Amino acid sequence: MRFTLLLAFALSVPAAAQPAPTQSNFAARPYMGWSSWSLIRGHPTEEKIKAQADALIAAKLHELGYRYINIDDGWTDGFDDHGIPKPNLTAFPDGMDGMAKYMHQHGLLFGIYLNPGITEKLYKQNPQIAGTASHIADITDTTQSGSTRRNSYRIDFSKPAATTYIRSQVEQFDRWGVDFIKMDFVGPGGGNLPADNREELRQWHAALTHASHPIWLELSNYLSIDQAPLWRATSNGWRIENDIECYGPCDKSTDPAIHGNLTTWSKVVVRFADVVRWLPYAAPGAWNDLDTLELGNGDKDGITPDERQSMFTLWAISCAPLYLGSDLTKIDAADLAIISNRDIIAIDQAGVPARPLDIQHLRNKPQQAWLTTYPDGSAVLALFNLDAAPAEIKLSWREIDSLRDTHLAGPTPPALHDSHSH
């Protein structure tokens, strides 16, 4: 059976909820919250999103740091007279400013979803860019893809109005009170088509620095590691893998035990290997994104109780964003205990990622030992059995000590009491 054992020794890391973001502490810790895609897909509505926010508060998850409520794809209804995405007012009668106000009144933060580039629809509409004499067609390069999604064109930043256009979007989102932007189908990276959005990301980063309040920029769907220094310089996080959702096998299954499940173990386990090469790039300001935590709905998570513990522990010791994809109105008590574990949340929020140890007798086996160390000499050790069969892991403390990479040391975490979690 799969299991996870996490040991914190000589440590005191109390879980501390994320403080309200300011320019000085912004993105100092991985963000925490809930995102709509896994549950709602492309059909979000004001009623559905508010129900999840209310359920998150009822479960007191916001007190642990889960504060971002992010609407994924499906909130828009075309573009306004200046090419800015506008909300679907049938689905969101209070608009995005109304949604942001609701979240802020409840002590939460609010996020939206975008794609880079110029869509074919926007190019044909060809509105005038605010504050300029130029139109969208004047800044569009139709010879290149504008994102790794289909049906978009690249923005030509040799045209001065292109920079103005990006700034005009940020100004609108700032007025609405948006706190988070997920920029999906960014290239170079995964998706349907090759694309190069590097200059566009530089422009978004520059524009966001002029917003009246901090706005988190998260990149998706999975990015090229060759450009990791640029992603780090221009964003607050980036996806390292493809989507974690089960999609076809679960959506189309007629088996009630499978239909509607959020994910599968095969989608989770690949991240144990894939995150390793990204670990050097995670630090305060920007983080490796392992995608949504598909935890909260018991058997409909699609993974076993042991696998759920392993998933949450990997995300935490990797210092990845902790954002849920489940239906919080149907939260499972056992799952709630996992995602509410203050000591493990604290390890995530300490912001010093663990690494797998290269232990001779564990090489090429589904058993792993991950270690993170802090400047004060304290450490966290996580042991995983990723196999379906029972296994025993034997470790020598001297062996672990000899393998410690002191270069992993980062900011000293807040003090933690000793903790043991299964």
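I'm checking my understanding of the structure. Among residues of segment 250-283 that are hydroxyl-bearing (Ser, Thr, Tyr) and closer than 15 Å to Ser326 by Cα, which one is least open to solvent (accessible area, probe 1.4 Å)?
The selected residue is Thr263.
In segment 29-49, which residue that is of a type outside the set (Gly, Ala, Ser), part of a helix (DSSP H, G or I) and under 19 Å from Thr292 (Cβ atoms) is least open to solvent (accessible area, probe 1.4 Å)? Here the residue is Ile49.
Do you know which residues across segment 95-109 are touching a helix residue (DSSP H, G or I) at 6+ places or on another chain (Cβ under 6 Å) and either among the polar types (S, T, N, Q) or closer than 27 Å to Gly187 by Cβ (or both)? Met96 - this is the single residue of segment 95-109 that is touching a helix residue (DSSP H, G or I) at 6+ places or on another chain (Cβ under 6 Å) and either among the polar types (S, T, N, Q) or closer than 27 Å to Gly187 by Cβ (or both).
For segment 1-28, give me each residue that is modelled with pLDDT of 65 or more, of a type in the set (A, V, I, L, M) and either on the phi > 0 side of the Ramachandran plot or open to solvent by 50 Å² or more (accessible area, probe 1.4 Å) (or both).
Taking segment 1-28 as the starting set, the residues that turn out to be modelled with pLDDT of 65 or more are 2-7, 25-28.
Okay, now just the ones that are also of a type in the set (A, V, I, L, M), so 5-7, 27-28.
Once the filter is applied, which keeps residues that are modelled with pLDDT of 65 or more, of a type in the set (A, V, I, L, M) and either on the phi > 0 side of the Ramachandran plot or open to solvent by 50 Å² or more (accessible area, probe 1.4 Å) (or both), segment 1-28 yields only Ala27.
Cβ-Cβ contacts under 8 Å between residues 6 or more apart (or on different chains), taken from a first residue in segment 378-389 that is farther than 12 Å from Thr313 by Cα to a second residue that is open to solvent by less than 10 Å² (accessible area, probe 1.4 Å) and at pLDDT 95 or above, are listed as Leu386/Phe272; Leu386/Ser310.
Does Thr142 satisfy the condition of being touching a strand residue (DSSP E or B) at 6+ places or on another chain (Cβ under 6 Å), of a type in the set (S, T, N, Q), free of Cβ contacts under 8 Å to residues at least 24 places away in the same chain and not in a helix (DSSP H, G or I)? Criteria met by Thr142. Every condition in (1) within 16 Å of Asn242 (Cα to Cα); (2) in contact (Cβ under 8 Å) with a residue 40 or more places away in the chain; (3) out of contact with any Asp or Glu (no Cβ under 7 Å at 6 or more places or on another chain) is met by Tyr281 except one, and the failing one is (1).
In segment 71-82, the residues that are open to solvent by less than 40 Å² (accessible area, probe 1.4 Å) never reach a residue that is acidic (Asp, Glu) with C-beta atoms less than 7 angstrom apart, at least six apart or across chains.
The values are calculated or read from the model by the stated rules, or taken from the named source; none is laboratory data. These numbers were taken from a predicted model, which means no experiment stands behind them. As a convention, Cβ positions derive from the backbone with ideal geometry for all residues, glycine included, and neighbour counts pool all protein chains shown. Please note that ligands, DNA and RNA were not included when accessible areas were found on the heavy atoms of the full protein model with its side chains. Shrake-Rupley method; radii C 1.70, N 1.55, O 1.52, S 1.80 Å.
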